[in-house]
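Right, one structure below, let's go through it.
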Amino acid sequence: MTTHITGTHEEWLAARLALLEEEKALTRRSDALARQRQALPWVRVDKAYRFETETGAASLADLFGGRSQLLVYHFMFGPDYTAGCPSCSALADGFDGFAVHLAHHDVMLAAVSRAPLAKLLAYRRRMGWTFPWASSLGGDFNFDFNVAVTEAQQRAGDVEYNYRRGGHAMDAAPVPEPVARFAASCGTDAPTYSRDRPGMSAFVLEDGVVYHTYSTYARGLDGLWGMYQWLDRAPRGRNETGVWWRRHDEYGAR
């Protein structure tokens with residue numbers, strides 16, 4: 001027998017209508033936050049970042065693919081990884097479906113990682129994805145946008161992520177079990193794994209000039225993680241007692 005509260009349809013409807021008002025308020029607040037994001041000042045990007053793509057060397061402007069807006073997912077795949085981060089992989093499972101619509105609305109969606117391009121493309125084939133993925137290996141891009149730290153910064157505890165220093169699970173001591181487990185699944189150790197971080201950055205190209213407009217990290221990525229939006233509407237919600245997800249080709253048959 002269920003331990004959850006039960007009731008009549010009339011009781012459910014009354015509670016649902018009360019919840020609807022809260023949902024409408026949240027939607028209006030979300031709309032206001034979106035406008036606030038779009039009102040942020042644009043910062044001109046003058047550094048000549050270089051990337052390797054499946055069509056050759058590229059500048060940041062080239063990643064726009066003829067569009068005026070670029071959304072970059074900072075995918076955790078460090079140079080020494082043998083596979084992409086499982087969390088980033090779960091989030092990226094939705095990219096192909098969204099990318100085609102975004103591309104027809106003047107927005108390019110791409111991933112950027114520090115691993116060599118050959119590793120990225122091999123992993124993309126394994127996962128069955130097709131979205132653009134560029135390597136920033138050897139450049140400053142990931143470091144400048146706060147999704148990579150040097151070994152020296154890590155040793156000194158001088159790590160800034162999500163607009164603050166310290167406090168993230170990947171910087172905790174002792175190493176949390178999920179971080180160690182994910183590191184092992186990427187073929188590396190926890191310190192090496194933790195030198196790359198997830199995030200998302202937005203850029204605009206206007207009159208030949210690239211501007212940085214927005215970046216978000218950590219829980220700021222929740223809204224882009226499709227499975228969580230569905231789970232938040234499921235009867236038991238996220239129902240998490242730890243890290244439960246895997247790469248989509250690592251689940252057993254059900």
How many of the residues making up region 199-219 are of a type outside the set (A, V, I, L, M, F, W, C), under 12 Å from the mean Cα position of the chain (by Cα) and not in a strand (DSSP E or B)? 1
Looking only at region 121-180, which residues are closer than 24 Å to Arg50 by Cβ and in contact with a Ser or Thr (Cβ under 6 Å, 6 or more places away or on another chain)? Ala134, Asn142, Phe145
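Residues checked against (1) surrounded by fewer than 19 Cβ atoms within 10 Å (Cβ to Cβ); (2) within 21 Å of Asp96 (Cβ to Cβ); (3) assigned by TED's automatic domain parsing to the domain that holds Pro191:
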{"position": "Ala48", "(1), (2), (3)": "yes, no, yes"}
{"position": "Phe51", "(1), (2), (3)": "no, yes, yes"}
{"position": "Gly56", "(1), (2), (3)": "yes, no, yes"}
{"position": "Ser59", "(1), (2), (3)": "yes, no, yes"}
{"position": "Arg67", "(1), (2), (3)": "yes, yes, yes"}
{"position": "Leu71", "(1), (2), (3)": "no, yes, yes"}
{"position": "Phe75", "(1), (2), (3)": "no, yes, yes"}
{"position": "Asp80", "(1), (2), (3)": "yes, no, yes"}
{"position": "Gly84", "(1), (2), (3)": "no, yes, yes"}
Quick check on this structure: which one of Val175, Val179 is under 18 Å from the mean Cα position of the chain (by Cα), crowded, with 17+ Cβ neighbours inside 10 Å and not charged (D, E, K, R)? Val179
Residue check: is Ala152 part of a helix (DSSP H, G or I), surrounded by fewer than 19 Cβ atoms within 10 Å (Cβ to Cβ), without any contact (Cβ under 8 Å) to a residue 24 or more places away in the chain and in the same structural domain as Ser113 (by TED's automatic domain parsing)? yes
Mind checking whether some residue in region 80-90 is hydroxyl-bearing (Ser, Thr, Tyr) and farther than 21 Å from Ala134 by Cα? no
Scope region 205-223; condition buried (at least 18 other Cβ atoms within 10 Å of the Cβ) and of a type in the set (A, V, I, L, M); matching residues: Leu205, Val210, Leu221
Any residue in region 16-44 that's in a strand (DSSP E or B): show its pairings with residues that are surrounded by 10 or more Cβ atoms within 10 Å (Cβ to Cβ) and not aromatic (Phe, Trp, Tyr) at Cβ separation under 7 Å, as long as the two are six or more apart or on different chains. Val43/His212; Arg44/Val209
Those residues of region 48-64 which are in contact with a Pro (Cβ under 8 Å, 6 or more places away or on another chain) and of a type in the set (A, V, I, L, M, F, W, C) amount to Leu63
Has region 187-196 got any residue that is closer than 20 Å to Leu109 by Cβ and assigned by TED's automatic domain parsing to the domain that holds Asp93? yes
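The values are calculated or read from the model by the stated rules, or taken from the named source; none is laboratory data. Bear in mind that the values here come from a model prediction, so they are computed numbers and not experimental data. Note: ideal-geometry Cβ built from the backbone for every residue, glycine included; neighbour counts use all protein chains shown.
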